[in-house]
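J.: One structure, pasted below without further comment.
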Amino acid sequence: MENPYQPIKTKIQEVTRETPNIKTFVLEPEEPLHFKAGQFIQLTVPELGEAPFTPSSSPYEKEKIKVTIMETGTVTSALHSLTPGGVVGIRGPYGKEYSLSDFEDKEILIVGGGVGLAPLRSLFFALVHDIEKYKRVLFCYGAKTPSDIVYKNAVLQDWHKINPERIHFRITVDEGDENWKGKVGLVTYTLDNLNEEIESIEESVAVVCGPPIMMKFVTMKLLDIGYKWNNIFLSMEKNMSCGIGKCGHCQMGKFLVCRDGPVFTYDKIKDFPTIWD
Amino acid sequence: MENLFITQTDFSSLMRKLNEKSPLYAPRRKGDFLFYERVRSDSLDDIALGEIRPIQSLKSFLIPPQETVSQYFASPSFSNKEEKIILGAKSCDLESLKILDSVYSDGDFKDPFYIEARKNIILISSDCTVPAKTCFCVLLNVSPYPKEGFDLNLSPIKGGFIVEIWSDKGKSIVEGSKELFREPEEGQIEERDKNRANLVNRVKEINRDFDFEESFREIIKDSLDSPAWEEVAEPCVDCAGCNHICPTCRCFLLFDKKGKKGFERIRLWDGCLYTGFARVAAGANPRSKLSQRFANRLLCKFDFFPENMGLDACTGCGRCISVCIGKIDMREAVKKVRTKSLSDS
């Protein structure tokens, strides 16, 4: 029998600073760990504890896993102090992946806020891998300021060249600076005039990830625009601890977010009063 | 099910024999309560096989309050759990194993520590003889005497016990000491059945104020927004005593610390009544109010868990009532939620 609580020893290969409080870690587990876009892992800082993260690398990249981490609590602060060569632990993958087969032949709207871009990057790579299966991708992203944009070069330039016909971008910052020439405004503004990009809102799917307050307002706006409840995919980041549906910490009504999520369509959770808390 | 009879003296001999191989645990009275203790076969006289459930539930044997589940990047052995013989478990506690099994032994991920411990217990259960005011198994359709899930069950009667065999383990115990068991004499089964009928009536009588038309499940379902929760949770001090003492509350915390070789990961009992139970790193807390956490515990038992597993996550053992320093009675809580919803409709 396998021990589900035991992490795999993992070496940090590379650390990249993305923003003042976000870093991306390239991890090489001693045993390969294959995840699908949307699933999450648990990272252990030895002697300190664990925290859940959704990988930000392509699920097709088998040897290494990239995780993009914002400094918020004890474990993430400790992670930020680690350097290449450092040792961490990894368990997973856990939870349900994005059901990409349901996205086929559809227009896909991706809406990210802040570090919420991390799991969306993994999804983006998975979509790009089979881009001919999907009708169109509109990638909307908002950060507080230009220096808070995660994967800046990719988001502002490189990704735009991948498939300009099928993949479009709308990037905004809450507050610009002297060098910022792009749009200024909350991420919800990127959803204005959506019909210029999305032919059939009724059929389109929206994938949203970001801080709870951002997800709330984006969801409200998507509903206003005409998105169907079951076409809005939301990342519920609750207190996932064991990852395997036993410890109870991520319980949200009848769901255990680690087991039944972390991605839920809005229709499943809309009646639960504290989903945005 | 096969019924046999064993005298008190022969039962002691049987325990002595079993104890040569495995340690025995049995309830003993200490003050007002019964506690499971390791007993030696020469001190079986003061164990309490009848009465009611002990303070500890079977959870304590299967998921210890703390257990090392990982050492650095290696797994502590889980295949060396010693066999334990547990005497005197009651029907409500046998019922709780269904809930624990469905969480720890089923699903995509299995807990090897639980599964090994579970495999290595021998359950010699017994009928309750004196229900407490806190007992409410009958309200949840749990029988106050064991019907299933044991290896052997003992029903105290004059001079000894009626013994029922439910499992292969139980059968092999009986077969290994055939000479100690005999066919029940005339009237002995009737004596047991009469005791059981009295027992059922007494538990029903204790709960006559709570025998509602609807089940607890029906009352609690959709009660999340009930204003009754504020009132019900008012005396609660979020000590999580009800969580820890509950035979079916099974939530835990994974806690990492410095160990002899690198870090050690401990699985600790946790309680959903604690303020920070659901809080995330950035500080958001979906159940920051005590009344939300209190309601969530009962909703978990009578709505969320049944919805997932088809079982109530409560067996009516009444330990949460005994332990509560705020003197909260779960039955009263359900009653208040019910009254509120009736008066609102």
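The values are calculated or read from the model by the stated rules, or taken from the named source; none is laboratory data. All of these numbers come straight from a predicted model, not from anything done at the bench. Neighbour counts are summed over all protein chains in view; Cβ atoms, including those assigned to glycine, are modelled from backbone coordinates with ideal geometry. What goes into the accessible areas is simple: the full protein's heavy atoms, side chains included, and nothing from ligands, DNA or RNA. Shrake-Rupley method; radii C 1.70, N 1.55, O 1.52, S 1.80 Å.
J.: Go through B:32-43, A:207-218, A:174-185, A:22-33 and give me the packing order, highest mean Cβ count within 10 Å leading. It would help to have the intermediate numbers written out before the result.
T.: Details: B:32-43: 14.3, A:207-218: 21.2, A:174-185: 11.5, A:22-33: 17.2.
Going by the mean number of other Cβ atoms within 10 Å, highest first, we get A:207-218, A:22-33, B:32-43, A:174-185.
J.: May I pose another question? Across all directions of projection, what mean area in square nanometres is found for the Cα convex hull of the stretch B:134-265?
T.: 15.3
J.: Taking 0.36 nm per residue of separation and subtracting the Cα-Cα distance, what length does fully extending B:Asp222 through B:Asp45 add?
T.: Details: separation 177, 0.36 × 177 = 63.72 nm, distance 4.97 nm.
Stretched out fully, the B:Asp222 to B:Asp45 stretch lengthens by 58.8 nm.
J.: Pop a pseudo-label 7 angstrom from the Cα along the beta-carbon direction at both A:Glu202 and B:Lys261 and give the gap in nm to one decimal.
T.: Result: 6.4 nm between the two label points.
J.: Tell me which residues come under 5 Å, amide H to amide H, from B:Val39 once H is placed; ignore anything under 5 positions away on its chain.
T.: B:Leu24, B:Tyr25, B:Ala26
J.: Ok, one more. Compute log10 of I(q)/I(0) for the stretch A:1-155 with the Debye formula, placing one identical point scatterer on every Cα and leaving out solvent, at q = 0.13 Å⁻¹, to two decimals.
T.: At q = 0.13 Å⁻¹ the computed log10 ratios are -0.60.
J.: Which FRET efficiency value, to the nearest 0.05, do you get for B:Glu2 and A:Lys133 by plugging their Cβ-Cβ distance into 1/(1 + (r/R0)^6) with R0 = 56 Å?
T.: The value I calculate is 0.35.
J.: Let me ask something else about it. In the stretch A:8-93, if every C-alpha pair distance is counted and binned at 5 Å from zero, what percent goes to each bin?
T.: 3, 16, 29, 30, 17, 5, 0
J.: Hey, for a label at A:Leu48 modelled as a point 7 Å past Cα toward Cβ, could you say which residues of the stretch B:265-283 have their backbone N under 15 Å away?
T.: Residues B:281-282 qualify, since their backbone N sits under 15 Å from the label point.
J.: What is the set of long-range amide H partners of A:Gly261 at a cut-off below 5 Å, with H atoms built 1.01 Å from backbone N?
T.: A:Lys96
J.: Run the quick spin-label model on A:Ile213 and B:Lys21: label points 7 Å from Cα toward the beta carbon, then report their separation in nm to one decimal.
T.: A separation of 6.5 nm, rounded to one decimal place.
J.: Please list, by residue number, everything in the stretch A:198-215 whose backbone N is under 15 Å from a paramagnetic label point 7 Å out along Cα→Cβ of A:Leu186.
T.: Only A:210-215 fall inside the zone, counting backbone N under 15 Å.
J.: Given the stretch B:216-344, report the % of alpha carbon pairs whose separation exceeds 23 Å. Intermediate results must be reported in sequence, preceding the final value.
T.: Values: 2921 of 8256 pairs.
Here the long-distance tail beyond 23 Å is 35 percent of all Cα pairs in the stretch B:216-344.
J.: Something else about it: How far, in degrees from 0 to 90, does helix A:117-129 lean away from the longest principal axis of the Cα atoms of chain A, to the nearest 10?
T.: 70
J.: Let me ask another. Hey, in chain A, which Cys have no second cysteine's beta-carbon closer than 4.7 Å?
T.: Taking the Cβ cut-off of 4.7 Å, the unpaired cysteines of chain A are A:Cys140, A:Cys209, A:Cys250, A:Cys258.
J.: Take chain B, compute every pairwise Cα distance, and split them into 10 Å bins from 0; I just need the percent in each bin.
T.: 5, 23, 31, 24, 13, 4, 0
J.: How long are the semi-axes of the equivalent ellipsoid of chain A, taking √(5λ) for every eigenvalue λ of the Cα gyration tensor, in whole Å from largest down?
T.: Sorted largest first and rounded, they come to 29, 22, 18 Å.
J.: For the stretch B:70-158, which GluC sites (Glu not before Pro) are in a loop by DSSP, counting at most 11 other Cβ atoms within 10 Å?
T.: B:Glu82
J.: Enumerate the lysines that A:Lys133 could reach by cross-link, defined here as Cα to Cα under 19 Å, with residues fewer than 8 away along the same chain left out.
T.: Straight-distance partners of A:Lys133: A:Lys36, A:Lys106, A:Lys161.
J.: Report the residue, chosen from A:Ser56, A:Ser99, A:Ser204, that carries the largest GNM mean-square fluctuation when chain A is represented by alpha-carbon nodes joined by springs under 10 Å.
T.: Checking each option, the largest mean-square fluctuation is seen for A:Ser99.
J.: What spacing in nm lies between the two simple spin-label points modelled at B:Phe35 and A:Asn193, each 7 Å away from Cα in the Cβ direction?
T.: Distance between label points: 7.5 nm.
J.: Rounded to the nearest 10 degrees, what's the angle between the helix A:212-225 long axis and the longest principal axis of chain A, both from Cα atoms, 0 to 90?
T.: In chain A, helix A:212-225 runs at an angle near 30 degrees to the longest axis.
J.: Given the alpha-carbon gyration tensor of the stretch A:68-186, what are the semi-axes of its equivalent ellipsoid in whole angstrom, ordered largest first, with each equal to the square root of 5 times an eigenvalue? It would help to have the intermediate numbers written out before the result.
T.: Numbers: eigenvalues 137, 103, 29 Å².
Equivalent ellipsoid of the stretch A:68-186: 26, 23, 12 Å, largest first.
J.: Okay, moving on. Over 20 Å between Cα atoms, which of A:Lys11/A:Lys144; B:Lys133/B:Lys340; A:Lys221/A:Lys268 qualify?
T.: A:Lys11/A:Lys144; B:Lys133/B:Lys340
J.: Further question on the same structure: Given the protein assembly as shown, what percent of its DSSP beta bridges are antiparallel, to the nearest 5? Intermediate results must be reported in sequence, preceding the final value.
T.: On the way: 65 of 98 bridges.
The antiparallel fraction comes to roughly 65 percent.
J.: For the protein assembly as shown, with all protein chains present and a 1.4 Å probe, just round the carbon and sulfur fraction of the accessible area to a whole percent.
T.: Carbon and sulfur together cover 48 percent of it.
J.: Restricting the calculation to Cα positions, tell me the Rg (one decimal) and the Dmax (whole number) of the protein assembly as shown in Å.
T.: According to the Cα coordinates of the protein assembly as shown, Rg and Dmax are 28.5, 99 Å.
J.: Could you tell me which trypsin sites (Lys or Arg not before Pro) in the stretch B:217-296 are loop residues by DSSP with no more than 11 other beta carbons within 10 angstrom of their beta carbon?
T.: Passing sites in the stretch B:217-296 are B:Lys260, B:Lys261.
J.: Let me ask you something else. Of all DSSP beta bridges in the stretch A:135-277, what percent run antiparallel (nearest 5)? Please list the in-between numbers first.
T.: Numbers: 5 of 17 bridges.
Here the antiparallel bridges make up roughly 30 percent for the stretch A:135-277.
J.: Go through chain B and flag any cysteine with no other cysteine's C-beta closer than 4.7 Å, please.
T.: Lone cysteines by the Cβ rule: B:Cys128, B:Cys135, B:Cys137, B:Cys236, B:Cys239, B:Cys251, B:Cys272, B:Cys300, B:Cys314, B:Cys324.
J.: Also, quick follow-up: Please state, to two decimals, what the Cα-based radius of gyration of the stretch A:126-218 comes to when divided by 2.2 N^0.38 Å (N = residues). Don't skip to the end; give the middle numbers.
T.: Numbers: Rg = 13.7 Å, N = 93, 2.2 N^0.38 = 12.3 Å.
It is 1.11.
J.: Whole number in Å², please: accessible area per residue of the protein assembly as shown, 1.4 Å probe, ligands, DNA and RNA not counted.
T.: For the protein assembly as shown, the solvent-accessible area averages 43 Å² per residue.
J.: Anything over 18 Å Cα to Cα? Flag those among B:Lys158/B:Lys204; B:Lys21/B:Lys169; B:Lys221/B:Lys335; B:Lys98/B:Lys301; A:Lys135/A:Lys183; B:Lys59/B:Lys261, in the order listed.
T.: Numbers: B:Lys158/B:Lys204 25 Å; B:Lys21/B:Lys169 14 Å; B:Lys221/B:Lys335 13 Å; B:Lys98/B:Lys301 13 Å; A:Lys135/A:Lys183 26 Å; B:Lys59/B:Lys261 29 Å.
The answer is B:Lys158/B:Lys204; A:Lys135/A:Lys183; B:Lys59/B:Lys261.
J.: Could you work out Rg/(2.2 N^0.38 Å) for the stretch A:101-256, with Rg from alpha carbons only?
T.: 1.07
J.: Additional query: Restricting to bridges with both residues inside chain B, how much of the DSSP beta-bridge set is antiparallel, in percent to the nearest 5?
T.: Around 80 percent antiparallel, to the nearest 5.
J.: Which value results for Rg/Rh of the stretch A:195-241 when Rg is the Cα radius of gyration and Rh the Kirkwood radius based on the inverse mean 1/r?
T.: Values: Rg = 11.9 Å, Rh = 11.5 Å.
On the Cα set of the stretch A:195-241, Rg over Rh gives 1.04.
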